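Structure record follows, encoded as structure tokens.
The values are calculated or read from the model by the stated rules, or taken from the named source; none is laboratory data. Keep in mind that this is a model prediction, so the values were computed, not measured. Methodologically, a virtual Cβ is constructed for each residue, glycine included, from the backbone with ideal geometry; neighbour enumeration extends over all protein chains shown.
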Amino acid sequence: MEYLQTQGISLPRLGLGTFRMQGDACRAAVESALALGYRHIDTAEMYGNEDPIGAAIAASGVARGDLHVTTKVWHENLAPDAIRSAFDASLKKLRLDRVDLYLVHWPSKNMNLPAMFETLFKLKEEGRTRAIGVANFNVALLKTVVEEIRAPIACNQVEYHVMLDQTKVRQYLAAKSIPLVAYCPLAQGKVSSDETLAAIGRKHGASAAQVALRWLLERDGVAAIPKASRRESQQANLDALKLTLDDADRKAITALPKDKRCVNPGFAPAWD
Ligand SMILES: NC(=O)c1ccc[n+]([C@@H]2O[C@H](COP(=O)([O-])OP(=O)(O)OC[C@H]3O[C@@H](n4cnc5c(N)ncnc54)[C@H](OP(=O)(O)O)[C@@H]3O)[C@@H](O)[C@H]2O)c1
């Protein structure tokens, strides 16, 4: 497994996404992923699955120091006291005494950024999260967080895949040496039906999804968290790390239309 070094943590470049996984099925999927060698699990208070994930981690026998766990605070809980209680509840459900990365899940229109980051920074100083970060922050918000508040964010988690251009946010993050964690890296499964990706895959004995994932993970400073509930998909996504794309493949992928955003909730500030 390859890792990204950021703000004192080693982030495995491939993690398991868990949105829409619930209960026993979630527990089984996380146990399967950990047995296959995944060491990065992505969850959030909003997913309602920290309990089964905590159970899977406890049952796995994986040493805590070898495992990276990210969770997130929902946009309705960004007042300092609300962050604290959301954090405590997450930790309890996960059965952990600390997480590795605690993210602001979405910015909200009326958030108090300095107060938020003061609270998050205290959680980091207390050793209850090893690092803090953001998700779904556009360049304007990132500038405030990084250049004015000077918060030590370890990543920005945003939607990123072969069908979506993220040049602006990528360039900003790269200039500041902050990793981009790609969510919906398979465009919620849509990449599987793309004929260009399937043709590239046939050339290499791989699937369209594996090609899409490999392309993302070739990008400097990018990690990805595909959700895969089936063992076969989990293994296929690990195997994608071994795939080698050539220049013709990259050119064809670069030429794909990049305007397909899967996630755009009404409550969040505009992207640009
Ligand atoms: N920060 C945020 O606001 C935010 C927003 C959205 C998502 N996320 C995170 O990002 C994760 C991933 O995003 P996502 O779940 O929306 O979409 P995704 O990972 O792009 O796609 C998941 C879909 O792809 C399928 N799949 C996985 N591996 C495959 C393979 N090798 N071949 C074919 N199909 C495959 C899955 O099927 P099976 O499950 O049936 O295997 C599932 O239907 C989430 O689970 C969550 O952890 C974060």
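Evaluate the following for residue 96: is it in contact with a helix residue (DSSP H, G or I) (Cβ under 9 Å, 6 or more places away or on another chain), crowded, with 24+ Cβ neighbours inside 10 Å and over 30 Å from residue 197 (Cα atoms)?
It is false that residue 96 is in contact with a helix residue (DSSP H, G or I) (Cβ under 9 Å, 6 or more places away or on another chain), crowded, with 24+ Cβ neighbours inside 10 Å and over 30 Å from residue 197 (Cα atoms).
Would you point out the residue of the range 210-248, among those that are over 21 Å from residue 166 (Cα atoms) and either outside any helix (DSSP H, G or I) or at pLDDT below 95 (or both), that is farthest from the chain's Cα centre (by Cα)?
Taking the candidates together, the pick is 246.
Kindly indicate whether residue 134 is touching a strand residue (DSSP E or B) at 6+ places or on another chain (Cβ under 8 Å) and more than 14 Å from the ligand (Cβ to nearest atom).
It is false that residue 134 is touching a strand residue (DSSP E or B) at 6+ places or on another chain (Cβ under 8 Å) and more than 14 Å from the ligand (Cβ to nearest atom).
Return the residues of the range 5-48 that are assigned to a strand (DSSP E or B) and either farther than 14 Å from residue 157 by Cα or within 15 Å of the ligand (Cβ to nearest atom) (or both); say none if nothing qualifies.
Those that are assigned to a strand (DSSP E or B) and either farther than 14 Å from residue 157 by Cα or within 15 Å of the ligand (Cβ to nearest atom) (or both): 5, 9, 10, 11, 12, 14, 16, 17, 40, 41, 42.
If I go through the range 199-221 residue by residue, how many of them are under 16 Å from residue 15 (Cα atoms) and surrounded by fewer than 22 Cβ atoms within 10 Å (Cβ to Cβ)?
Looking only at that region, the number is 4.
Condition first: under 15 Å from the mean Cα position of the chain (by Cα) and under 18 Å from residue 154 (Cα atoms). Now tell me which residues in the range 174-209 satisfy that.
Those that are under 15 Å from the mean Cα position of the chain (by Cα) and under 18 Å from residue 154 (Cα atoms): 178, 179, 180, 181, 182, 183.
Checking the conditions here, which among 57, 41 is aliphatic (A, V, I, L, M), touching a Gly at 6+ places or on another chain (Cβ under 8 Å) and buried (at least 18 other Cβ atoms within 10 Å of the Cβ)?
41
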